[in-house]
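The next block holds one structure in the form of structure tokens; read it before the comments.
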Amino acid sequence: MDAIIYNSKTGFTKQYADLLSKKLSLSQYDLKKAKSALSKGSEVIFLSRIKKGKVDEFKKAAGRYELSCVVGVGMSIEGEEVAKGFKEQTGIDEPFFYLQGGFDFNRLKGMDRFVMKQFRDAMVPRYEAATDLDEAQMNMLKMFRDGGNCVSIDRLSPVIEWYRNRENVC
Ligand SMILES: Cc1cc2nc3c(=O)[nH]c(=O)nc-3n(C[C@H](O)[C@H](O)[C@H](O)COP(=O)(O)O)c2cc1C
């Protein structure tokens, strides 16, 4: 494995990349700056935020590097079905992990901010008025209303385990 590459706009995916980099003793690079440091075809673990149901910049990363595994980071709660949805919608064949990151409206800029403001303003009153929200909806309401950071080393356990099995190290 050559390195970890990440794509992060508000910092949650970068936090996971930092943790993983330390844990696996691998260098990490921002996708935008990796070109000068890593040659085409390098074998990497790719971490990126989820945007509109897909792993953002997956095609760009897959076009330049050999992705041995992909980690999507979103604001939705974790679950097999959620992960399967992101994997299929993005068109990922590589091993895929979905991790809950967080949401910080104040760090959003430009079109991201515009889109999420519209989404938040439409959803929050509707969810606040409802009395039968499930766990996923309650999480969304909380994220949109208060923001949140769910990044933890524990959430990375499946990725770390996958890596150790693959590299045959403990
Ligand atoms: C335009 C936009 C679309 C998003 N779409 C989704 C989504 O479909 N599912 C999800 O779980 N999170 C979605 N998010 C939330 C981000 O994936 C989440 O905040 C993530 O932790 C951001 O990672 P970052 O801090 O590394 O940029 C979206 C965020 C933005 C700005």
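Does the range 124-145 hold any residues that are farther than 20 Å from residue 78 by Cβ and either of a type in the set (A, V, I, L, M, F, W, C) or within 13 Å of the ligand (Cβ to nearest atom) (or both), and which are they?
124, 129, 130, listed by residue number.
Name the residue that is farthest from the ligand (Cβ to nearest atom), counting only residues in the range 59-89 that are touching a residue at least 40 places away in the same chain (Cβ under 8 Å), of a type outside the set (Val, Ile, Thr) and under 17 Å from residue 21 (Cβ atoms).
68
Can you work out which of the residues in the range 150-170 that are surrounded by 15 or more Cβ atoms within 10 Å (Cβ to Cβ) and within 15 Å of the ligand (Cβ to nearest atom) is nearest to residue 102 (Cα to Cα)?
Within the range 150-170, the match that is nearest to residue 102 (Cα to Cα) is 150.
Considering only the range 119-149, state which residues are surrounded by 12 or more Cβ atoms within 10 Å (Cβ to Cβ), among the polar types (S, T, N, Q) and more than 19 Å from residue 83 (Cβ to Cβ).
The answer is 149, and nothing else.
Please go through (1) surrounded by 13 or more Cβ atoms within 10 Å (Cβ to Cβ); (2) under 22 Å from residue 116 (Cβ atoms); (3) free of Cβ contacts under 8 Å to residues at least 40 places away in the same chain for residue 56 and return the number of the only condition it doesn't satisfy.
(3)
Would you tally the residues in the range 96-110 being in a loop (DSSP other than H, G, I, E, B) and more than 8 Å from the ligand (Cβ to nearest atom)?
Quick first cut of the range 96-110, residues in a loop (DSSP other than H, G, I, E, B) only: 101, 104, 108-109.
Applying the additional criterion that residues be more than 8 Å from the ligand (Cβ to nearest atom) yields 109.
Residues meeting the conditions: 1.
Considering only the range 12-35, I want to know if a residue exists there that is among the aromatic types (Phe, Trp, Tyr) and more than 11 Å from the ligand (Cβ to nearest atom).
For the range 12-35, residues among the aromatic types (Phe, Trp, Tyr) and more than 11 Å from the ligand (Cβ to nearest atom): present.
FYI, it's all coordinate maths here, none of it is from the lab. Worth saying up front: this structure is predicted, and the values here are computed from it rather than measured. In this analysis, Cβ positions are derived from the backbone assuming ideal geometry, glycine residues included, and neighbour counts consider all displayed protein chains.
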